[in-house]
Amino acid sequence: MRQTCTIIGVAVLCSMNIASTAGGQAPSASARDGGTIGLDHIPIAVANLEQAADRYKALGFALKPGRPHDNGIRNQHVKFRDGTELELITAPEARDALTTKYRVISPWVTGRRFLALYAPGRPRGPESAVPDYIFFGPRNSSPTDRPEHFAHPNGAESFIAVWLAGDDLTRERQLLTRIGANTTNEDPRSAHRRCDTPSEEPRRGPVLAQGPAGAQTAVTGSGYSSMFLPPDLTHGLWLELRELR
């Protein structure tokens, strides 16, 4: 049986100094162009929405409360001007297929992660060729969006990358190739070496998986600075805050 792939990290582009994740400045008026082609949003299913929202606010994100859903789903959005976002979502009861999918029973279990891609007009292949945790989104915008929903104190501007891990990523690679996404391979076994050696390339979230729990690790390279937040701070994801300079 094919082992389910796990989303282990995401990267968010920032526009300001990220030495602190609780700063008071707002991001620039528009996100950088071209950095988010193919990505829509990451739904993070959690048991306690309020607790998760408070955690993300403490990390310097502004949140927009979601609309009520007839099936009981509740959510809050970390929105960016280019239409990408991180979505905190909870399903208190399993009432239908969607709530069953997002249902997290235990508050002690880290959130389940899903991936929405943005690929208008691109070939996706048959439905059976798309892994069940991946779907496609429209880069959602709403008339109820307000400037304060995009004014993240940590300077976040866009969701720009995602990292997947699994025993067999064949279907993921095939799907991403069909829609024209850029992918790279990475061996987490070399994490300790890459964490200690400066690189010309932006760091990947999982390479810091051996770091101390609760740590916020800063990495500097050519043209960027990054801070990595571990899964116990973000409800199950490595979260990279990356500043381009």
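The values are calculated or read from the model by the stated rules, or taken from the named source; none is laboratory data. The shown structure was predicted, so the numbers you read here are calculated from the model rather than taken from an experiment. Don't worry about glycine lacking a Cβ; one is built from the backbone with ideal geometry, like all the others, and counts go over all protein chains shown.
Looking at Q51, Q3, just one residue is at pLDDT 85 or above and either in a strand (DSSP E or B) or out of contact with any helix residue (DSSP H, G or I) (no Cβ under 8 Å at 6 or more places or on another chain) (or both), and that residue is Q51. Do we find that S190 is at pLDDT below 80, of a type in the set (S, T, N, Q) and under 20 Å from W238 (Cα atoms) in this structure? The answer is yes for S190. Taken over the stretch 114-149, the criterion of being over 15 Å from I42 (Cβ atoms) and of a type in the set (K, R) is satisfied by R122, R124, R146.
Residue-wise test of (1) closer than 14 Å to L86 by Cα; (2) of a type outside the set (K, R); (3) in contact with a Phe, Trp or Tyr (Cβ under 9 Å, 6 or more places away or on another chain).
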{"residue": "A119", "(1), (2), (3)": "no, yes, yes"}
{"residue": "P123", "(1), (2), (3)": "no, yes, no"}
{"residue": "F135", "(1), (2), (3)": "no, yes, yes"}
{"residue": "N140", "(1), (2), (3)": "yes, yes, no"}
{"residue": "G155", "(1), (2), (3)": "no, yes, no"}
{"residue": "S158", "(1), (2), (3)": "yes, yes, yes"}
{"residue": "W163", "(1), (2), (3)": "no, yes, yes"}
{"residue": "D168", "(1), (2), (3)": "no, yes, no"}
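Within the stretch 168-185, the only residue that satisfies the criterion of being under 14 Å from D132 (Cα atoms) and basic (K, R) is R171.
If I ask for residues that are touching a Phe, Trp or Tyr at 6+ places or on another chain (Cβ under 8 Å) and under 18 Å from A151 (Cα atoms), which ones from the stretch 51-75 would you list? A62, L63, listed by residue number.
Scanning the stretch 121-155 for residues being small (G, A, S), out of contact with any Lys or Arg (no Cβ under 9 Å at 6 or more places or on another chain), more than 13 Å from H77 (Cα to Cα) and touching a residue at least 12 places away in the same chain (Cβ under 8 Å) gives a total of 2.
For the stretch 140-174, the set of residues classified as farther than 22 Å from G60 by Cα and acidic (D, E) consists of D167, D168, E172, listed by residue number.
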